[in-house]
Amino acid sequence: GLTPSTTYYFYVSTDCGNGDSSAWSSAGTFKTACAAMAVPMTETFDNASTTRDCWTRGFLANGDWGTTTPAAGTYNPATNTTNHSGGYSMRLYGYYSATGPRSTMAWVASPEYLTPLNQLQVTFWARTNNAAGILHVGVLADPNDGGSFESLADLTFTAANSWVQFTIPLNTLTLANAKHIAFMADGADASAAIYYFVDDVVVDLAPDCPTALQVKASRVTNQTAQISWLGGAQSWNIKVSTTALTDPATDAADVLTTNITGSPYALTGLTALTTYHVYLQAVCNAAGD
């Protein structure tokens with residue numbers, strides 16, 4: 001019967017029987033979690049935010065640290081004046097050292113929501129001081145247990161020290177009892193100590209049929225390329241064109257392939273020294289919507 005988001009102090013006295021009791025102990029204290037929240041919800045991490053303290057911050061130390069003790073004050077996520085708007089963002093620090101080797105994983109987890117996570121999406125701005133880094137976005141069942149993290153999107157950056165907006169639908173999660181959206185940094189990803197900044201987070205209902213995210217080409221040769229993307233759908237349609245399409249929904253393309261089962265997809269029969277434009281469309285049900 002406690003109140004959400006409230007600090008409590010507790011004291012204990014020994015009941016020795018026959019009406020005898022010890023003196024009261026010194027105070028212990030705890031703070032209850034925030035109540036589950038409705039969406040849409042916006043988190044700025046600024047001082048004026050009434051929900052900033054509802055985000056759980058944590059880190060894990062991996063590898064051989066020897067006699068060194070990793071300190072939460074150094075590696076735990078913290079607010080930072082590097083911001084997209086307002087006064088603050090949330091900074092995550094993924095540390096790596098070849099000594100040991102040793103590294104840290106740091107995460108920040110959202111409060112719970114009244115709507116199941118697989119019906120939501122999260123939009124936010126992020127930046128890093130090292131473009132080699134990877135920011136993981138996913139879910140947690142226990143906000144204090146980073147080891148149970150399920151990554152739904154492993155985000156990369158084309159440049160350092162530049163804010164980029166991302167939107168991640170959560171409909172592909174498989175983690176049982178997932179309750180919290182989480183951002184995670186892992187120093188072992190790039191074998192480097194890297195800072196990440198997250199700001200202006202908006203949690204809202206996802207569209208019924210989310211579009212593909214982070215469409216990328218890799219392993220490009222003179223005649224082939226591998227296309228990868230993020231998103232959960234029954235199947236996908238892909239358009240490939242040697243010219244940019246004004247409206248991919250109606251414009252004709254050099255190649256149209258339908259009912260691709262998922263990422264990645266191999267393009268073949270390409271022409272050497274040619275620029276291609278690639279468009280993805282999700283097919284979200286058996287009716288072909």
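Trp65: more than 24 Å from Gly87 (Cα to Cα), open to solvent by 80 Å² or more (accessible area, probe 1.4 Å) and not in a strand (DSSP E or B), yes or no?
No; evaluated as a whole, the condition is false for this residue.
Which one is farthest from Trp125 (Cα to Cα), of the residues in segment 70-99 that are free of Cβ contacts under 8 Å to residues at least 60 places away in the same chain and among the β-branched types (Val, Ile, Thr)?
Per the stated criteria, the residue is Thr99.
Please work out which one of (1) buried (at least 18 other Cβ atoms within 10 Å of the Cβ); (2) under 18 Å from Gly231 (Cα atoms) is the condition Phe166 fails and give its number.
Every condition holds for Phe166 apart from (1).
Condition test on Thr99, is it surrounded by 12 or more Cβ atoms within 10 Å (Cβ to Cβ) and of a type in the set (Ser, Thr, Tyr)?
Judged against the criteria, Thr99 is not a match.
So which residues in segment 253-266 are exposed (fewer than 12 other Cβ atoms within 10 Å of the Cβ) and in contact with a Phe, Trp or Tyr (Cβ under 9 Å, 6 or more places away or on another chain), if there are any at all?
Narrowing segment 253-266 to residues exposed (fewer than 12 other Cβ atoms within 10 Å of the Cβ): 259, 261, 266.
Scanning segment 253-266 gives Asn259, Thr261.
Tell me which strands (runs of 3 or more DSSP E) are completely within segment 76-162 and hold 3 or more residues being modelled with pLDDT under 95, or say none if there are none. Spell out the reasoning first.
On the way: elements: 78-80, 89-94, 102-109, 120-128, 134-140, 150-156.
Counting at least 3 such residues, we get 150-156.
Is there a residue in segment 198-211 that is open to solvent by 50 Å² or more (accessible area, probe 1.4 Å), touching a residue at least 12 places away in the same chain (Cβ under 8 Å), over 29 Å from Ser49 (Cα atoms) and touching a strand residue (DSSP E or B) at 6+ places or on another chain (Cβ under 7 Å)?
yes
Kindly provide the set of residues from segment 267-289 that are within 18 Å of Ala233 (Cα to Cα), open to solvent by 50 Å² or more (accessible area, probe 1.4 Å) and touching a residue at least 40 places away in the same chain (Cβ under 8 Å), ordered by number.
Once the filter is applied, which keeps residues that are within 18 Å of Ala233 (Cα to Cα), open to solvent by 50 Å² or more (accessible area, probe 1.4 Å) and touching a residue at least 40 places away in the same chain (Cβ under 8 Å), segment 267-289 yields Tyr279, Gln281, Asn285, Ala286, Asp289.
Just one of (1) surrounded by 11 or more Cβ atoms within 10 Å (Cβ to Cβ); (2) without any contact (Cβ under 8 Å) to a residue 60 or more places away in the chain trips up Glu43, so point out which.
Against the list (1) surrounded by 11 or more Cβ atoms within 10 Å (Cβ to Cβ); (2) without any contact (Cβ under 8 Å) to a residue 60 or more places away in the chain, Glu43 comes up short only on (2).
Just one of Thr257, Thr221 is over 23 Å from the mean Cα position of the chain (by Cα), assigned to a strand (DSSP E or B) and among the polar types (S, T, N, Q); which is it?
Exactly one of Thr257, Thr221 is over 23 Å from the mean Cα position of the chain (by Cα), assigned to a strand (DSSP E or B) and among the polar types (S, T, N, Q), namely Thr257.
Scan segment 217-234 for residues that are free of Cβ contacts under 8 Å to residues at least 60 places away in the same chain and loosely packed, with under 15 Cβ neighbours inside 10 Å and jot them down.
Correct list: Ser218, Arg219, Val220, Thr221, Asn222, Gln223, Thr224.
Could you grab me the full set of residues in segment 1-18 that are of a type outside the set (A, V, I, L, M, F, W, C), touching a strand residue (DSSP E or B) at 6+ places or on another chain (Cβ under 9 Å) and part of a loop (DSSP other than H, G, I, E, B)? Let's see the steps before the verdict.
Filtering segment 1-18 down to residues of a type outside the set (A, V, I, L, M, F, W, C) leaves 1, 3-9, 11, 13-15, 17-18.
So of that shortlist, the ones also touching a strand residue (DSSP E or B) at 6+ places or on another chain (Cβ under 9 Å) come out as 5-9, 11, 13-15.
Selection gives Ser5, Thr6, Tyr11, Ser13, Thr14.
Considering only segment 187-226, how many residues are among the acidic types (Asp, Glu) and closer than 19 Å to Ser89 by Cβ?
Taking segment 187-226 as the starting set, the residues that turn out to be among the acidic types (Asp, Glu) are 189, 199-200, 204, 208.
So of that shortlist, the ones also closer than 19 Å to Ser89 by Cβ come out as 199-200.
Of the residues in segment 187-226, 2 are among the acidic types (Asp, Glu) and closer than 19 Å to Ser89 by Cβ.
Would you call Gly232 in a loop (DSSP other than H, G, I, E, B) and on the phi > 0 side of the Ramachandran plot? Spell out the reasoning first.
Numbers: in a loop (DSSP other than H, G, I, E, B): yes; on the phi > 0 side of the Ramachandran plot: no.
No: the conditions fail for Gly232.
The values are calculated or read from the model by the stated rules, or taken from the named source; none is laboratory data. Just so you know, these numbers come straight off a predicted model, no measurement behind them. Note: ideal-geometry Cβ built from the backbone for every residue, glycine included; neighbour counts use all protein chains shown. In case anyone asks, the SASA skips ligands and DNA or RNA and just uses the protein heavy atoms, side chains included. Shrake-Rupley method; radii C 1.70, N 1.55, O 1.52, S 1.80 Å.
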